Amino acid sequence: MHSQIASAFLAISLATPGSIALAADAADRIWHGGPVITMNDAAMRAEAVAEKDGKILAVGTKDEIMAHKGDNTQVIDLAGRAMIPGFVDSHGHVFGGGLQAMSANLLAPPDGVVTDIPSMQKMISEWVASNREIVEQVNLIIGFGYDNATLAEHRHPTRDELDKISTDMPVYVIHQSGHFGVANSKALEIAGITRETPDPAGGIIRRGPDGEPNGVLEETAHFPVVMKLMTRVGVDGAKAMARAGAKLWASFGYTTAQEGRSTPGSVKIMRAVAAEGGFPIDVATYPDVLIDRDFIAANISGTYENRLRVAGAKLTIDGSPQGFTAWRDRPYYKPVGDYPPGYAGYAAATSEEVVDAVDWSYANGIQLLTHANGEAASDLLIAAIDAAQKKHGKDDHRPVLIHGQFQREDQVASFDRLDVFPSLFPMHTFYWGDWHRDHTAGPVLADNISPTGWLMARGMQFGTHHDAPVAFPDSMRVLDATVTRRSRSGDILGPHHRVDVITALKAMTIWPAWQHFEEDRKGSIEPGKLADLVVLSGDPTAVDPETLDQLRVVETIKEGVKIFSLEEKALEQTGLASRSTSARAGEVFSRFLQAAATHRDFLSLPQSLQTPMTLKLLGKSPHHKACVVSVMSDIVTAVVEGERL
């Protein structure tokens, strides 16, 4: 007996640092058979991982870890696939992204199966059958991505053809451009559109030979119908939307999601979902600091309750660079639209509001996430934080810069001095890099959007994000863009800002875990931390960097439990899209939000300016004069509060 005890202590003493654990502990699960990339600089690679009670028990060689195999241990062979820590969402909008996940894919091949109107009807009907519970909860059938140019009939579907799907429930399908929609009879009834309804300024209600609306709605006739339908979703539908968003995030390997701008109303919905056990992953939410500070102060928490917590506050200083609404310190390069000479964007909040919000966050010890894209917006943020720190001290507030697309190198130095954590958006180099080069910043300054190289040179931690539903929450696209910085056209924007794969992975795991004050339990595969894990189809450090976007999230594991399986999803869902297909559908959704921003801006103009030419000018910039996140917030508010905005 004494010799057995001595042997056990000897085993512990000989174990490598990464594998230290009580030798007597039997694991619930052991993973082996593939590379384990831990994000722990002291032991970056391992052969196997043991988990017990939702936490990492041990990490090390296969032989070391198999010592924790008990009679009931589940041993899982990775079969050559790679294991990494679960992704921590540095910035996104998981509630709003739920709508993105709750619609039928109406894309043409190879991204979908719709080739004609009968196949569209079949696809929608099959999607409804496979998602009956969600459809009944939201009381709406919606589809994205059809294209009349690729349909065999070379025309839009009509209300009568959508009525064949349902006459009792509203059916609404959105064109892949985002500028058209088609409503069935029920949807037209809810929207109050009849033969007597006049065409709105900037829009057309198409009609049949009898003068009745045929269901096709163009431009400004289209978006208000979506908003009207959203107001009918109700509490159950809103909860379904939040659940769908978290499930979508999990499918891309995120074990912690962020709702980056919430309201008391949306927090209430998310709390109801959490209480019902509806979140498979952790959700950290940041209510708008300009709406209800008392609510934030009363509800902020460092711990999750049923996988949800109010983690801090959100402030927005300006808009989007690609839409020419980011507040710059210089004129835009070649803005597309009717802009005056020297146009440099504008602020979305007053200087007084910004300074006061930052001061309040420091006075109350509340973390503040601040959306600042342009240089002038960052100048104001730096001044506000500087003043607050001189008044209240630095402490460990971990203020976060969200986006920071256009920065000067001196501003990076200031953020470093002030201990600001930059959460950058390198995906812009892919989605909008060519636009930045040609229109917003010009060929020289476009190289410095999301300047990760400057951060690395200063030894700064940073996060990278997707900002879904602005883009899809595609973790591999985030990784690829951070490493390659290659645009859609193949141009490389800022080669000096490219980073290695391990650094890019840190910006999606251990560093955003630090951003959320959760580095002690998330972000790396180390004993004692949560067993939040992702299995990838290959080793991202071993493949050609130009093929990183082709990797797949095969499994997502939250606290030891598998919550997503690519294989199981393929078996369960009708018409499952591949990851690239899902990303394509995400682009369609983003275009819809862009078009919606155009329509909202157009309708806010004086009636004398609501002309076809004005609408055309507004439509030339990809995000126009409003950030699409603001539009998504309008939709979420309509869902939660039942208001037409």
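The values are calculated or read from the model by the stated rules, or taken from the named source; none is laboratory data. Since the model is a prediction, treat every value here as computed from it, not as a measurement. Here the Cβ is made from the backbone with ideal geometry for all residues, glycine too, and neighbour counts use every protein chain on show. Ligands, DNA and RNA are stripped out before the accessible areas are found, and what is left, the full protein with its side chains, is counted by its heavy atoms. Shrake-Rupley method; radii C 1.70, N 1.55, O 1.52, S 1.80 Å.
Things worth noting here:
- The distance linking segment 408-462 with segment 490-527 is 15 Å (Cα centroid to Cα centroid, whole angstrom).
- From most to least packed by mean Cβ count within 10 Å, the peptides 291-300, 227-236, 68-77 give 227-236, 291-300, 68-77.
- The Cα atoms of segment 342-382 give a gyration tensor whose axes a ≥ b ≥ c have a/c of 1.5 or more with a/b greater than b/c, which makes the shape prolate.
- Charge tally in the Cβ shell below 9 Å around residue 86, where Lys, Arg are +1 and Asp, Glu are -1, residue 86 excluded: +1
- Within-12-Å neighbourhood charge of residue 53 [Cβ basis; K, R +1; D, E -1]: -1
- For residue 279, the shell of other residues with beta-carbons less than 15 Å away shows a net charge of +1, using +1 for Lys and Arg and -1 for Asp and Glu.
- Accessible area of segment 28-104 belonging to carbon and sulfur atoms, whole % at 1.4 Å probe: 43 percent
- Averaging the sequence gap over all C-alpha pairs within less than 8 Å and six or more residues apart, then dividing by the number of residues, gives segment 279-335 a relative contact order of 33 percent.
- Ordering of 372-380, 545-553 by packing [mean C-beta count within 10 Å, highest first]: 372-380, 545-553
- HN-Hα J in Hz across segment 186-198 - Karplus 6.51, -1.76, 1.60, θ = phi - 60°, x for Gly and Pro: 5, 5, 5, 4, 5, 6, x, 9, 10, 5, 7, 6, x
- Prolate/oblate/rounded call for segment 94-135, Cα gyration tensor, a/c under 1.5 rounded: oblate
- Given 52/506; 239/268; 52/558; 314/558, the pairs whose alpha carbons are separated by over 18 Å: 52/506; 314/558
- As a rough guide to protection, the peptides 268-275, 246-253, 196-203 ranked by mean Cβ packing within 10 Å, highest first, stand as 246-253, 268-275, 196-203.
- Per residue accessible area of segment 419-538, 1.4 Å probe, in Å²: 25 Å²
- Segment 307-345 and segment 68-116 have Cα centres spaced 31 Å apart.
- Here the Karplus curve 6.51 cos²θ - 1.76 cosθ + 1.60, taken at θ = phi - 60°, turns the phi angles of segment 245-256 into couplings of x, 5, 5, 5, 4, 4, 5, 9, x, 7, 9, 9 Hz, with x standing for Gly and Pro.
- Taken one residue at a time, the phi angles of segment 386-399 give Karplus couplings (6.51, -1.76, 1.60, θ = phi - 60°) of 4, 5, 5, 5, 5, 7, 10, x, 6, 6, 10, 7, 6, x Hz. Gly and Pro are set to x.
- Anchor residue 164: lysines whose Cα lies under 20 Å away (excluding residues fewer than 8 positions away in-chain): 122, 186
- Of all lysines in the structure, the ones whose alpha carbon falls short of 21 Å from that of residue 334, not counting any fewer than 8 places away in one chain, are 616, 620, 625.
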